[in-house]
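The values are calculated or read from the model by the stated rules, or taken from the named source; none is laboratory data. None of these values were measured; they are calculated from a predicted model. Because the Cβ atoms are built from the backbone with ideal geometry, glycine has one as well, and the counts that use them run over all protein chains shown. Accessible surface areas use protein heavy atoms only, side chains included; no ligands, DNA or RNA. Shrake-Rupley method; radii C 1.70, N 1.55, O 1.52, S 1.80 Å.
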Amino acid sequence: MQTVLVTGGTGYIGSHTAVELIETGYKVVIVDNLSNSQADVIDGIESITGVRPAFEQFDLCDREKTMALFKHYKIDAIIHFAAHKAVGESVDKPLEYYHNNINSLIYLLEAMKKYGTSSIVFSSSCTVYGQPDQLPVTENAPIKKALSPYGNTKQIAEEIIEDTLHATQGLKAIALRYFNPVGAHPSAAIGELPLGVPQNLVPFVTQTAAGLREKLRVFGSDYNTPDGTAIRDYIYVVDLAKAHVISVKRMLDNQNKKDFEIFNLGTGTGSSVLEIIHAFEKATGKKLNYELVARREGDIEKVWADTRYANNELGWTADTPLEQTLATAWAWEKKIRNIN
Ligand code: UD1
């Protein structure tokens, strides 16, 4: 049985990926410092899969502990999710973001070299494209100057990986550039758990429907889009998680075509904020209280993925319909708020 280290494995995307890895037959070791997640997510993973993943609670910026982990477990591949991810907070605390997101990656790469772990999947973001000149955006689109320190950590991390692979025989990596992950596991045993007021659209939608928020503010209705609201490519988190398992297997089976490969993970279809609201209402029968307000600083107008490269190379498609995805987000919100 091959062992996959999932950093940030109690987080939103990490926990869904841990489930898919276990269900595919991998042994999973989770490292998380619980800075933005809770230990009982491990129970959720166990309740879905019947297998309890190994869990080590520490900070990957602790180099000694990271090295000790690799000494203790024989790790075949890494999926590196652990990172700070709040765009606004990164503008206020840039050094925290650079320290946390960059050092953890450097220590993991050092540990790979020292302990002979060949493969790493890196959580990247479509944020590296900024507002693309052409849509849908392909992996070859130019990287634009990052709009936030958070976005910059994703760009720098991709470069650090590329330089390290160039200098090191036997290492390989796949960077996955996510569009907007949404929804929860169909069991409602795991899902997204934002701390405090959600910054992202779908958690704000579900919390508004649950009565935790009075109304949803739609940021910007004067964009150059059909209904004036901004467009994103919303991808079901379970579809996204499956692409990680395929990426790990691709490298461990030596199916990768280059040492460093990059894939867009999206559906290929853009949805406006108003379309999300209406799809949610249709999927759940809940009416949403919302108002149109000014644009949010730093937001781009529209982005959606050209997914052909991922579809063809990985043999993977994100095909869960949007309404079904939003229904899982609502089922999860209802479960954690004890709503019938
Ligand atoms: C944001 C980050 C992105 C990051 C991702 C991680 C910015 C500019 N981008 O993506 O870098 O990788 O989160 O999760 O912050 N919206 C509303 N009302 C709300 C919340 C959002 O109208 O209360 C709108 C936004 O203006 C946007 C869309 O919904 O048009 C999606 O927003 P969000 O979920 O925050 O994702 P991004 O901004 O695309």
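Assorted remarks:
- Within the stretch 162-179, the set of residues being under 21 Å from Asn101 (Cα atoms) and either in the same structural domain as Glu323 (by TED's automatic domain parsing) or in contact with a helix residue (DSSP H, G or I) (Cβ under 7 Å, 6 or more places away or on another chain) (or both) comprises Thr164, Leu171, Lys172, Ala173, Ile174, Ala175, Leu176, Arg177, Tyr178, Phe179.
- Selection within the stretch 317-340 - assigned to a loop (DSSP other than H, G, I, E, B) and either surrounded by fewer than 20 Cβ atoms within 10 Å (Cβ to Cβ) or assigned by TED's automatic domain parsing to the domain that holds Asp239 (or both): Thr317, Asp319, Thr320, Pro321, Arg337, Asn338, Ile339, Asn340
- Enumeration of residues in the stretch 211-241 that are charged (D, E, K, R), crowded, with 22+ Cβ neighbours inside 10 Å and in a helix (DSSP H, G or I): none
- Within the stretch 99-125, the set of residues being open to solvent by 70 Å² or more (accessible area, probe 1.4 Å) and either outside the structural domain of Met67 (by TED's automatic domain parsing) or in contact (Cβ under 8 Å) with a residue 40 or more places away in the chain (or both) comprises Lys113, Lys114, Tyr115.
- Applying the criterion of being in contact (Cβ under 8 Å) with a residue 60 or more places away in the chain and not β-branched (Val, Ile, Thr) to the residues of the stretch 44-69, the residue that is surrounded by the most Cβ atoms within 10 Å (Cβ to Cβ) is Leu69.
- Restricting the first member to the stretch 316-340 and to residues that are more than 14 Å from Ile190 (Cβ to Cβ), and the second to residues that are exposed (fewer than 14 other Cβ atoms within 10 Å of the Cβ) and among the polar types (S, T, N, Q), the beta-carbon pairs closer than 9 Å and six or more apart or on different chains are Lys334/Asn340.
- Val182 vs. criteria within 13 Å of the ligand (Cβ to nearest atom), touching a Phe, Trp or Tyr at 6+ places or on another chain (Cβ under 9 Å) and open to solvent by 40 Å² or more (accessible area, probe 1.4 Å): no
- The set of residues in the stretch 153-171 that are away from the ligand (no atom under 16 Å from the Cβ) and surrounded by fewer than 22 Cβ atoms within 10 Å (Cβ to Cβ) comprises Glu159, Ile160, Glu162, Asp163, Thr164, Leu165, His166, Ala167, Thr168, Gln169, Gly170, Leu171.
- Residue within the stretch 24-38 that is in a helix (DSSP H, G or I), touching a residue at least 60 places away in the same chain (Cβ under 8 Å) and either open to solvent by less than 60 Å² (accessible area, probe 1.4 Å) or at positive phi (or both) present: no
- Restricting attention to the stretch 188-210, the residues that are open to solvent by 60 Å² or more (accessible area, probe 1.4 Å) and either away from the ligand (no atom under 13 Å from the Cβ) or within 24 Å of Asp239 (Cα to Cα) (or both) total 4.
- Candidates Glu297, Glu281, filtered to the one that is more than 30 Å from Leu165 (Cα to Cα), among the acidic types (Asp, Glu), more than 9 Å from the ligand (Cβ to nearest atom) and in the same structural domain as Ala318 (by TED's automatic domain parsing): Glu281
- Boolean, Val273 is touching a residue at least 12 places away in the same chain (Cβ under 8 Å), under 21 Å from the mean Cα position of the chain (by Cα) and within 12 Å of the ligand (Cβ to nearest atom): yes
- Each residue in the stretch 41-65 was checked for being touching a strand residue (DSSP E or B) at 6+ places or on another chain (Cβ under 6 Å) and assigned to a helix (DSSP H, G or I), and 1 of them qualify.
- Of all residues in the stretch 1-17, those satisfying the criterion of being in contact (Cβ under 8 Å) with a residue 40 or more places away in the chain and of a type in the set (A, V, I, L, M) are Val4, Leu5, Val6, Ile13.
- Flag if Asp306 is open to solvent by less than 70 Å² (accessible area, probe 1.4 Å) and without any contact (Cβ under 8 Å) to a residue 12 or more places away in the chain: no
- Every residue from the stretch 255-296 that is open to solvent by less than 30 Å² (accessible area, probe 1.4 Å), aromatic (Phe, Trp, Tyr) and over 29 Å from Glu158 (Cβ atoms): Phe280
- Among (1) in a loop (DSSP other than H, G, I, E, B); (2) under 30 Å from Lys258 (Cβ atoms); (3) among the small types (Gly, Ala, Ser) - the single one Ala310 does not satisfy: (1)
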